[in-house]
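Bear in mind that the values in this text are calculations on the coordinates, not laboratory data. Here the structure is a predicted model, which means the values were calculated and not measured. No Cβ is skipped: glycine too gets one built from the backbone with ideal geometry, and neighbour counts run over all protein chains shown.
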Amino acid sequence: MIRPFVNTIILFILLVFLQVFIFNSIQFSNLINPYFYVIYILLLPFETPGWILLVSSFFLGFTIDSFSNTLGLHASACTFMAVIRPSVLKWFSPRDGYEPGTLPRLSYYGFGWFMKYTILLVFAHHFVIFFLEIFRLSDFFFTLSRTIFSTIFTSAIIILSQFFVFRK
């Protein structure tokens, strides 16, 4: 009972550290900004109560905001991601539903399922964060292209991590 909780806290701290000290330094011509830390929200168990999902996602975003000096951009994007996650899980659920005790990982539900799940939620996160950052429609197509390229890059890193780090 206590072990999954401790593992989740360790994952939280590790992802914040990686995002702040490594991934925030990666930028390709202002088009690609990887936000790998969102894997925390993606990998939370199916049975996570809604209020824990929302609070932990907000706290994750707030922590990243604190280190990045971004005034709530990450907190709002993570909270939005947490709000739509149950609907996305329902939308992509297998015919028989999710098996108890499984996690939303590539090793449990396959590459196709995990790729669709990841890309949709990462796109939603990036869309919110980049449009709140710009906060004008005059740069709509640039911001949309930035969202798409960053989503592809972030999703690729997340999917690769499933093969090397988050195995069964």
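Taking region 128-151, which residues are out of contact with any Phe, Trp or Tyr (no Cβ under 9 Å at 6 or more places or on another chain) and either in contact (Cβ under 8 Å) with a residue 40 or more places away in the chain or surrounded by 13 or more Cβ atoms within 10 Å (Cβ to Cβ) (or both)? The answer is 130, 132, 133, 139, 142, 145.
State whether the residues of region 46-58 include one that is aromatic (Phe, Trp, Tyr), in contact (Cβ under 8 Å) with a residue 40 or more places away in the chain and either closer than 30 Å to residue 139 by Cβ or out of contact with any helix residue (DSSP H, G or I) (no Cβ under 9 Å at 6 or more places or on another chain) (or both).
The answer is no; no qualifying residue exists.
Looking across region 35-61 at every residue that is assigned to a loop (DSSP other than H, G, I, E, B) and under 16 Å from the mean Cα position of the chain (by Cα), the one that is surrounded by the most Cβ atoms within 10 Å (Cβ to Cβ) is identified as 35. Of all residues in region 21-34, those being outside any helix (DSSP H, G or I) and touching a Phe, Trp or Tyr at 6+ places or on another chain (Cβ under 7 Å) number 3. When 105, 95 are screened for being more than 17 Å from residue 32 (Cβ to Cβ), in contact with a Leu (Cβ under 7 Å, 6 or more places away or on another chain) and charged (D, E, K, R), only 105 passes. For region 3-20, the count of residues that are in contact (Cβ under 8 Å) with a residue 12 or more places away in the chain, part of a helix (DSSP H, G or I) and within 20 Å of residue 147 (Cβ to Cβ) is nonzero. If you check 132, 144, 120 for being farther than 22 Å from residue 40 by Cβ, out of contact with any His (no Cβ under 6 Å at 6 or more places or on another chain) and either assigned to a helix (DSSP H, G or I) or of a type in the set (A, V, I, L, M, F, W, C) (or both), only one passes: 144.
When you check residue 85 against the structure, is it of a type in the set (D, E, K, R), closer than 22 Å to residue 130 by Cβ and outside any loop (DSSP other than H, G, I, E, B), yes or no?
So residue 85 passes the test.
As a summary of the residue check, residue 64 satisfies the conditions (1) surrounded by 17 or more Cβ atoms within 10 Å (Cβ to Cβ); (2) in a loop (DSSP other than H, G, I, E, B) except for the one numbered (2). The sole residue among 94, 104 that is within 13 Å of the chain's Cα centre (by Cα), not in a helix (DSSP H, G or I) and not basic (Lys, Arg) is 104.
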